[in-house]
Amino acid sequence: MPKLKPTPEQELITEIKVALVRNGWTQKHLAKLCGMDPGNLSRAIKNPSRQKYETLCTIARKLGMNTLPII
């Protein structure tokens, strides 16, 4: 059975996790920067398929990542 290609949301979550480590930030710190509840941010990272891509892009921008909209 061939591997399924990750969704754009899944790819962005992977990049967000790498950026968190690179910046030395915790999810709590990122949640504070995004103005989000830490629990909501944690759920967004754990289950990207239930999140809006725009929300993930907002989180990524707070990490200094460049994001492009899905076309």
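A few comments on the model shown:
- To the nearest ten degrees, helix 8-23 and the longest principal axis of the Cα atoms of the chain are 40 degrees apart.
- Over all orientations, the chain has a Cα convex hull whose mean projected area works out to 5.3 square nanometres.
- Relative to the longest principal axis of the Cα atoms of the chain, the long axis of helix 53-62 makes an angle of roughly 40 degrees.
- Multiplying each eigenvalue of the alpha-carbon gyration tensor of the stretch 21-62 by 5 and taking the square root yields semi-axes of 16, 11, 10 Å, largest first, rounded to whole angstroms.
Read-outs: derived from the displayed coordinates by stated rules, not from any lab. Just so you know, these numbers come straight off a predicted model, no measurement behind them.
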